[in-house]
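Visitor: Structure incoming, see below.
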Amino acid sequence: QVQLVESGGGLAQPGGSLRLSCTASTFIGSIYNMGWYRQAPGKQRELVASITSLGSTNYVDSVKGRFTISRDNAENTVYLQMDSLKPEDTAVYYCNIEPGPFLAWGQGTQVTVSS
């Protein structure tokens, strides 16, 4: 079973930056399109950024121009560079296949944006 491990979250001030990483336990290389999802308290999980196996990217409007998704297929890792963070970016962030069917969800990484 493929395991996904997210890391890099933490506390950031508004306007700050964080870089999230998601590493898969097995080869995801050129096979899967991958996405970063987030779930804020009391809200449904939403897709915020995706990247195809060939590197094409897409973003939800609320993060366009602030977040950048990338991948290193050799390292089975997907990244999310988050800049100009806002309090509304506070959530647990997860990675997974996009659009599915989903692999088992990892534990996620908490991102808190607060002054």
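The values are calculated or read from the model by the stated rules, or taken from the named source; none is laboratory data. None of these values were measured; they are calculated from a predicted model. Quick reminder, even Gly has a Cβ in these numbers, built from the backbone with ideal geometry, and neighbours come from all protein chains shown. When the accessible area is computed, the model is the full protein with side chains, heavy atoms only, and any ligands, DNA or RNA have been set aside. Shrake-Rupley method; radii C 1.70, N 1.55, O 1.52, S 1.80 Å.
Visitor: With the crude spin-label approximation of a point 7 Å out along Cα→Cβ, what separation in nm comes out for Ser84 versus Ser17?
Guide: 1.3 nm
Visitor: So, for the chain, what is the accessible surface per residue at a probe of 1.4 Å, expressed in square angstrom? Mind dumping the intermediate values first?
Guide: On the way: 5920 Å² over 115 residues.
The answer is 51 Å² per residue.
Visitor: Sort the following peptides by mean Cβ neighbour count (other Cβ atoms within 10 Å, averaged over residues), highest first: 1-9, 58-66. Provide the component values of the computation, followed by the final result.
Guide: Working: 1-9: 15.9, 58-66: 13.3.
Taking the mean over residues of other Cβ atoms within 10 Å, the ranking is 1-9, 58-66.
Visitor: Just need log10 I(q)/I(0) for segment 1-52 at q = 0.17, 0.26 Å⁻¹, Debye formula, equal scatterers on the alpha-carbon atoms, no solvent, rounded to two decimals.
Guide: -0.70, -1.23
Visitor: Along the positive direction of the dipole of the chain (beta-carbon charges: Lys, Arg +1; Asp, Glu -1; about the Cα centre), which of Cys22, Thr112, Gly100 reaches farthest?
Guide: Towards the positive end, the residue furthest out is Thr112.
Visitor: OK, next. Relative to the compact globular guide of 2.2 N^0.38 Å, what is the alpha carbon radius of gyration of segment 31-80, as a ratio?
Guide: Details: Rg = 11.5 Å, N = 50, 2.2 N^0.38 = 9.7 Å.
Taking the Cα Rg and dividing by 2.2 N^0.38 Å, one obtains 1.18.
Visitor: State the percentage of accessible surface on the chain attributable to carbon and sulfur atoms; use a 1.4 Å probe and exclude ligands, DNA and RNA. Could the numbers behind the result be given before it?
Guide: Details: 2850 of 5920 Å².
Heavy-atom surface of the chain belonging to carbon and sulfur, 1.4 Å probe: 48 percent.
Visitor: Just to confirm a number: summing +1 for Lys and Arg and -1 for Asp and Glu over residues other than Thr109 whose beta-carbon lies under 12 angstrom from that of Thr109, what do you get? Don't skip to the answer; put the middle values down first.
Guide: Details: positive: Arg19, Arg38; negative: Glu6.
It works out to a net charge of +1.
Visitor: Using the basic label-point model (7 angstrom from Cα toward the beta carbon), what is the Val5 to Ala104 distance in nanometres?
Guide: A separation of 1.4 nm, rounded to one decimal place.
Visitor: Strictly greater than 21 Å: what percent of every Cα pair in the chain meets that?
Guide: 29 percent
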